[in-house]
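Some notes on the structure that comes next.
The values are calculated or read from the model by the stated rules, or taken from the named source; none is laboratory data. What you see is a predicted model, and the numbers here were worked out from it, not measured in a lab. Note that we place each Cβ from the backbone using ideal geometry, even for glycine, and neighbour counts take in every protein chain shown.
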Amino acid sequence: MPTRRRFQPTLWPTIITVPALIVLVALGTLQVDRLQWKSALIENFETMVSQPLVPPPQSVSDWKTWRFRRVSMTGVYQHQKEILLTGKTFEGTAGFHVITPFLVRDGRIILVNRGWVPDKLSERERRPETLIQGLVKVEGILRQDKRRGYFVPDNEPNNEVWLYVDTDEMSRHREIVPVASYYVDAIRRPGPYALPIGATTEVTVRNEHLQYAITWYLLAATLAVIYFIYHYRRPDEE
């Protein structure tokens, strides 16, 4: 009569496999959490940009009400005080985002991210067509200062190296007073691209966390199956 196989785990494979399984499942669960967060963010963006245009607020106390809200304002660009946000790409081409103070007709100053320009046109003198003079109407998306990532270095104002928007830091360095505690992403106009290339009201955020979660969970399942098969043996195979 053949000897029946049975599950007989051994010490070292178990010591190695169990922590690995815990890590893989935790990574999968983290991606599920990120998926829910990203989906809610995209849904909120789509809801807010579909709302009617409104004037920019005097201040923001509740970002849930104002983040991604479309605003319209009329004023004058202060091109001599613009700031270039480095490390930005458009369709694979390296460049900058142009951050320009905008003097609204009511006297407020709001930083406007006018959009992307290529590296070769970083100097204002090389793109005079972008230096709009006089009163201009701007439609844009209200944005909160971006949080600096863990691996993103600090801005270096004295060296004109700007990696993220910090309205307080930028206003102090350019001596802009008063300045709003938020900034506005200018919306690109329909038709052929014109520099600077502004933001779009369409969702461009990648949301691939579901694929990542499935990958981690499949790796965990594969490891568990291998562990089970390896230890499912006959007593005479010990």
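Has the range 7-17 got any residue that is assigned to a helix (DSSP H, G or I), in contact with a His (Cβ under 9 Å, 6 or more places away or on another chain) and either of a type outside the set (Phe, Trp, Tyr) or on the phi > 0 side of the Ramachandran plot (or both)?
Our first condition is that a residue be assigned to a helix (DSSP H, G or I); within the range 7-17, this holds for 11-17.
So of that shortlist, the ones also in contact with a His (Cβ under 9 Å, 6 or more places away or on another chain) come out as 13-14.
If we keep only those that are either of a type outside the set (Phe, Trp, Tyr) or on the phi > 0 side of the Ramachandran plot (or both) too, we end up with 13-14.
Yes, the range 7-17 contains at least one residue that is assigned to a helix (DSSP H, G or I), in contact with a His (Cβ under 9 Å, 6 or more places away or on another chain) and either of a type outside the set (Phe, Trp, Tyr) or on the phi > 0 side of the Ramachandran plot (or both).
Checking the conditions here, which among Val32, Val60, Val54, Val25 is touching a residue at least 12 places away in the same chain (Cβ under 8 Å), under 24 Å from Asp166 (Cβ atoms) and aliphatic (A, V, I, L, M)? It would help to see each step written out before you state the result.
Values: Val32 fails: under 24 Å from Asp166 (Cβ atoms); Val54 fails: under 24 Å from Asp166 (Cβ atoms); Val25 fails: under 24 Å from Asp166 (Cβ atoms).
Just a single option satisfies the conditions, and that option is Val60.
Any idea which residue in the range 172-209 is modelled with the lowest pLDDT, counting only those that are within 18 Å of Pro56 (Cα to Cα) and not in a loop (DSSP other than H, G, I, E, B)?
Ala199
Taking only pairs six or more apart or across chains, which ones have beta-carbon atoms under 7 Å, a first residue in the range 126-149 that is free of Cβ contacts under 8 Å to residues at least 40 places away in the same chain and in the same structural domain as Gly75 (by TED's automatic domain parsing), and a second residue that is part of a loop (DSSP other than H, G, I, E, B) and not polar (S, T, N, Q)?
Asp145/Val165; Asp145/Asp166; Lys146/Tyr164; Lys146/Val165; Arg148/Tyr164
Pick out the one residue from Ala224, Ala194, Ala220 that is of a type in the set (A, V, I, L, M, F, W, C), buried (at least 18 other Cβ atoms within 10 Å of the Cβ) and not assigned by TED's automatic domain parsing to the domain that holds Arg105. Talk me through it step by step, then tell me what you get.
Details: Ala224 fails: buried (at least 18 other Cβ atoms within 10 Å of the Cβ); Ala194 fails: buried (at least 18 other Cβ atoms within 10 Å of the Cβ).
Checking each option against the conditions leaves just Ala220.
Could you list, in sequence order, the residues of the range 54-95 that are in contact with a helix residue (DSSP H, G or I) (Cβ under 7 Å, 6 or more places away or on another chain) and either aromatic (Phe, Trp, Tyr) or not in a loop (DSSP other than H, G, I, E, B) (or both)?
Passing the criteria: Phe68, Arg70, His79, Ile83, Ala94, Gly95.
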